Every structure is written in structure tokens, then in C-alpha cells.
């Protein structure tokens, strides 16, 4: 059963996984009943989380069986709840690129948000477009989320410029990406084209680069003011363990001057 789960998770197309997850979440709370880990997004406790990842980087006890949050989602939610005005400030216009299923319905219910979602092919996105040329007006959004997308695109700098363009002056965003914390510079080699080689070098078959410690500099280069949120300074150790946060994760908060 466990091997079948890993196979399906790593081989099925993302749109199909999204649809199948609605069925799985109906029985997951019963299968994983317990109090060892806690998801702050769905507000539920479990015996353990599911495993997740590619053959190269596979992690145990990280995927919430109900809303499918990973470490990065739970960290972002903590930040939004405790260190931002995201749930309180009125009349926020949010652009959410590649909307995560765990956030989608919750954000849609927020009365303080005008919520716009976009993706190339996601079945839950409102708009479908190429991130290299966003078909939206300049200075349109108060907040932009674009998580685990930039490692997939052909020209990440162009996409960063587009995200900067549609964000209002004074607006802010979160653009999470996989980062190799042992690598000083982002690794990208155009000669690496096979799915197998991309998984080996970039951790996943559909990635075209692996970011290093220079990631915030890349964001600064297109105009963003970048602030690092180190959760270790804000979340007590017991909660870090219960949320199953990645020990090296840093959340970069972007602001448009």
C-alpha cells in the first residue's frame, strides 16, 4: 500500500492528483487518527503525516493527510496568521499563481479578499496564462503569492519582473522555491534536458534549475525589497516539531517600494 501511494504521488499528473485528493481526504482523518503532529491550516492533529517527495529528495512525515499541506504551507500559514495583516486588512486584492489546494477554498471564503488565481493548466485556477507574460494590468494587486513555480519556468527573471509589474507599490508577496541550502549559487545547465537528469540534478523531473543561497539576490535584482523571516526566532521548539517544519527553511517576504 505504501509503495503504491509513493508511485501514484510521483507519477500521476498534478491536475489528476488534485481531483483524487478530494476522495482521499474523506478517509484520511480516520486512517491517521492521533495527536503526534498538527496542521495549523486544517486545525487537525494526526498520528503522523504522509511521506512526500521525489526519489532524490524524499521526506517522511511531512504531508498532511487531510488538506495536503507540506512544511512550506504550514510555515507560510503561520506567518500569515501571526506576522501579517493578511486576515485583517480590508479590501486586499490577491493574485495567487498556481493556487495550492490547501489554501484555495480558505482564501476564497475570506471576505476581505478579492481573490484572483492563475496558472498554465491547474483545474482550480480562474485564469490560464503563461507567467512570462501575465495578461493583467500594472500595479493591480496588494498581495501576490507564487510558490514553487519559478523552478519550472524557462526564464525565471522575466517571470519575476512580471510579478513585480502587477504588484502595487507598497504591496508584498511570497514566492517560495526549493532551495539547496548547501549551494551558494543557483544551479542551471541548459544541456540537462532528460527527465531523469533533471530529477538527479534539480530534485524533480519538471524542474529546470535548483536555487541556492543567492535566491533573495535574484529577487532584489528585479526591484523587490527582500526580508528574511527566520521561524526559529518566532516559533517554540515543540510547535516546530509538531508542525514538522523543515529545519533550514527561511521564508522570504517581498515588498515593492
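The values are calculated or read from the model by the stated rules, or taken from the named source; none is laboratory data. Because the structure is predicted, anything quoted here is derived from the model rather than measured. All Cβ positions, even for glycine, are placed from backbone atoms using ideal geometry, and neighbour counts span all protein chains on display.
Here is the figure for region 80-98: residues that are out of contact with any helix residue (DSSP H, G or I) (no Cβ under 8 Å at 6 or more places or on another chain) and more than 16 Å from residue 243 (Cβ to Cβ) total 9.
Inspect region 19-30 for any residue being surrounded by fewer than 19 Cβ atoms within 10 Å (Cβ to Cβ) and either at pLDDT 95 or above or touching a strand residue (DSSP E or B) at 6+ places or on another chain (Cβ under 9 Å) (or both) and give the result as yes or no. Yes.
Test residue 159 against the stated conditions and say whether it is in the same structural domain as residue 101 (by TED's automatic domain parsing), surrounded by 21 or more Cβ atoms within 10 Å (Cβ to Cβ), out of contact with any strand residue (DSSP E or B) (no Cβ under 6 Å at 6 or more places or on another chain) and free of Cβ contacts under 8 Å to residues at least 60 places away in the same chain. Yes, satisfied. From 226, 177, grab the single residue that is touching a residue at least 24 places away in the same chain (Cβ under 8 Å) and part of a loop (DSSP other than H, G, I, E, B). The conditions single out 177.
Which residues, counting only those in region 236-248, are part of a loop (DSSP other than H, G, I, E, B) and crowded, with 17+ Cβ neighbours inside 10 Å? The answer is 244, 245, 246.
Residue count for region 45-79 satisfying the condition of being buried (at least 18 other Cβ atoms within 10 Å of the Cβ), out of contact with any helix residue (DSSP H, G or I) (no Cβ under 6 Å at 6 or more places or on another chain) and either without any contact (Cβ under 8 Å) to a residue 40 or more places away in the chain or over 23 Å from residue 143 (Cα atoms) (or both): 8.
Residues that are over 17 Å from the mean Cα position of the chain (by Cα) and buried (at least 17 other Cβ atoms within 10 Å of the Cβ) were ranked within region 162-191; the one that is nearest to residue 131 (Cα to Cα) is 162. Confirm whether residue 87 is within 24 Å of residue 67 (Cα to Cα), modelled with pLDDT of 95 or more and under 15 Å from the mean Cα position of the chain (by Cα). For residue 87, the condition - within 24 Å of residue 67 (Cα to Cα), modelled with pLDDT of 95 or more and under 15 Å from the mean Cα position of the chain (by Cα) - is not met.
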